[in-house]
Amino acid sequence: MTTPHLNVRNLSAGYGRARVLFDIDLTVHPGTIACVMGRNGVGKTTLLNTIAGLITPTTGTITHTGTDITTLAPHQRTRRGIAYAPQGHDTFAPLTVAENLHVAHQATRRNRPDLIDAALERFPRLKPLLGRKAGLLSGGQAQQLAIARALVTDPDLLILDEPTEGIQPNIVAEIETAITDTAAQGITVLLVEQYLDVALRLADTITVIDAGRVIHTGPRTELTHRSAHALMAI
Amino acid sequence: MDAIISQLPTGLAIGAVLLLAALGLNFTFGQMGVINMAHGELIMTGAYTAYVLHAWIGLNPAYSLLIALPVAFTITGTLGWLLELSIIRHFYARPLDTLLLTFGIGMILQQAARDTFGAPNVDVPAPAWLTGGLTLTDGIRIHYSRLFILALTIACVIAIAHYLNRSRQGRQMRAVIHNRDLAAITGINTRKVDATTFFIGSGLAGIAGVALTLIGPTGPTLGTNYIVDAFLVVVVGGLGQLRGTVLAAFTLGILNATVEAWADASLAKLIVFATIVAFLQARPQGLFTVKTRALT
């Protein structure tokens, strides 16, 4: 049996006294696309923020390729190979597109400028925008930059929080292609996705969260539109 | 208009000193949200560094000023770095606590200066090559020492702009100022960037202190006189905005000098404060902000 790429056990976390996650278990195997779904406010983003190190869990452990990373700082997790593109296509608005990519690439000290070229090949729309301030990009362009910025850190695990949220359909298709291509290169993907169609197209496994607890986890093939709708009470 | 033109040299000199004092504050306030009330005492430390090099170590005034600049930068930078490392970093995200904390640190530094150098002010002689001045027109004359301060300030601004825009560490600093969490998950060690920022910000305060020895005497409360105006420059210029800080410093300097030319110092201060309050009512975000497509 292979070591899980990411293994979350009995994870509980929240904000101050408000607990959001309760005893979450999540296993992501190497080279797969794992999708976490659920209604708004059930704790999906809190889970990803905790895995990325932005929130300290109250209980539980997180292991990455067999190593316990529960107490590591966020930048240490990124340097281990965990890249995170958070919700809301956040970028460094005062920095240019090129600076956004360089600051991320240089932070991980990989010294592989080919990663920036590869990210731009994956998102060619960014090429003519390299000198533009990131704060002036459209939502779709900013989302592509957010994923490109994560990819130039040379990750083995890419975490994406609702990458298609508020994005026009043709760019959603480009982002889907980028996610499948990334997984095809051997990079494991953990994805929070609100659109069921997208999740069913991309994911190898689907985990459904409700009220901070896992209520379903299994291969995508176990879920149909009807059963997924029922689980998420849509 | 004539009054403004005649006060321009004085205003530019005041603006230059304010800018040197505010540059460092802007980084520590903009990046870490630390209201560093001890910044004035770091300026004072820089000024006493110039005094020590001349009066205690006996360097020739002809070149002691030039040696004092990098030495003061290093000493005050290290002092600020140590303060950040040992005390201030434990109070991040608690701005009011940092205000009280750094106020206390400032008092300790002031008393340490009194114990070491005595309460009376001391003088640092300006080098002979800075005596005299340049006459521009009838009634408008700029002292060489003020021209030197202006040139020093311009050099510092160019160096900072180069650091922020061209170096890896500078880009990381801008990233952390904009979004600390995003910077952290991008792989940036934000603690290390904070320490570097405190070193540079405090070092710039040291340079400001050396520059102030060319304008007047050095005493334990030297920096306190500038700290409020320096904070005004930061607020008016916009947090983390180099262009805004430059523009705000020189505008405030010229405004101060012009108003003081026809009103007494207290009334001038009142008028300047009232102008700033009116400006901030209209533009609370300061002169410059980061332009984005977002509504806020």
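The values are calculated or read from the model by the stated rules, or taken from the named source; none is laboratory data. These numbers were taken from a predicted model, which means no experiment stands behind them. Backbone-built Cβ (ideal geometry, glycine too); neighbour counts: all protein chains shown. Quick note on the areas: whole protein, heavy atoms, side chains included, nothing else; ligands and nucleic acids left out. Shrake-Rupley method; radii C 1.70, N 1.55, O 1.52, S 1.80 Å.
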Item to check | Residue-by-residue Karplus 3J(HN,Hα) for the range A:166-171, coefficients 6.51, -1.76, 1.60, Hz, glycine and proline x | outcome: x, 10, 5, x, 5, 6
Next on the checklist: Per residue, how large is the accessible surface of the protein assembly as shown? Use a 1.4 angstrom probe and give square angstrom.
Outcome noted: 43
Checklist entry - Can you give the relative contact order of chain A as a percent, counting alpha carbon pairs under 8 Å and 6+ residues apart? => result 27
Item to check | Under Karplus coefficients 6.51, -1.76 and 1.60, residue-wise ³J(HN,Hα) of the range A:60-76 in Hz, glycine/proline x | outcome: x, 10, 10, 10, 10, 6, x, 9, 6, 10, 4, 9, 6, 6, x, 5, 5
Next on the checklist: Leaving out ligands, DNA and RNA, and with a 1.4 Å probe, what % of the accessible surface on the range A:1-157 is carbon or sulfur?
Outcome noted: 50
Checklist entry - If you build a Gaussian network model of chain B, linking Cα atoms that sit under 10 Å apart, which residue out of B:LEU136, B:LEU82, B:LEU65 swings the most? => result B:LEU136
Next on the checklist: Under 5 Å between amide hydrogens, which residues at least 5 positions from A:ALA203 or on another chain qualify, with H placed 1.01 Å from N in the peptide plane?
Outcome noted: none
Checklist entry - To the nearest 0.05, how large is the calculated FRET efficiency for A:ARG39 and B:ALA161 if R₀ is 51 Å and r is the Cβ-Cβ distance? => result 0.60
Checklist outcome for this item: Computed about the Cα centre, the charge dipole of the range B:154-255 from +1 Lys/Arg and -1 Asp/Glu charges at the Cβ has a magnitude in debye, to the nearest 20, of 440
Checklist entry - Based on DSSP H runs of at least 4 residues, each adding -39500 (n - 2.57), what is the mean residue ellipticity at 222 nm of chain B after dividing by all its residues, to the nearest 500 deg cm²/dmol? => result -24000 deg cm²/dmol
Checklist outcome for this item: Under the rule rounded for a/c under 1.5, else prolate if a/b exceeds b/c, else oblate, using alpha carbon gyration tensor axes a ≥ b ≥ c, the range B:66-128 is classed as oblate
Checklist entry - Using r as the Cβ-Cβ distance of B:ARG114 and B:LYS192, and R0 as 30 Å, what FRET efficiency do you calculate, to the nearest 0.05? => result 0.30
Checklist entry - So what is the relative contact order for chain B, in percent, with contacts set as C-alpha pairs under 8 Å and at least six apart? => result 38
Checklist entry - Can you give the accessible area of B:CYS156, probe radius 1.4 Å, in Å² rounded to 10? => result 20
Checklist outcome for this item: Listed by chain and number, the residues whose amide H is under 5 Å from that of A:ASP210, excluding neighbours fewer than 5 places away on the same chain and using placed H, are A:ILE215
Checklist outcome for this item: Counting sequence-distant residues (5 or more places) and residues on other chains, those with an amide H built under 5 Å from that of A:THR96 are A:ALA134
Checklist entry - Tell me, what HN-Hα J-couplings in whole Hz come from the Karplus equation 6.51 cos²θ - 1.76 cosθ + 1.60 at θ = phi - 60° for each residue of the range A:84-89, using x for Gly and Pro? => result 9, 10, x, 5, x, 5
Checklist outcome for this item: Rounded to the nearest 100 Å², the accessible area buried between B and A, both sides, probe 1.4 Å, is 2200
Checklist entry - When only the heavy atoms of the protein chains count and the probe is 1.4 Å, how do A:LYS44, A:LYS133 rank by accessible area, highest first? => result A:LYS133, A:LYS44
Checklist outcome for this item: The distance between the Cα centres of the range B:111-172 and the range A:155-234, in whole Å, is 59
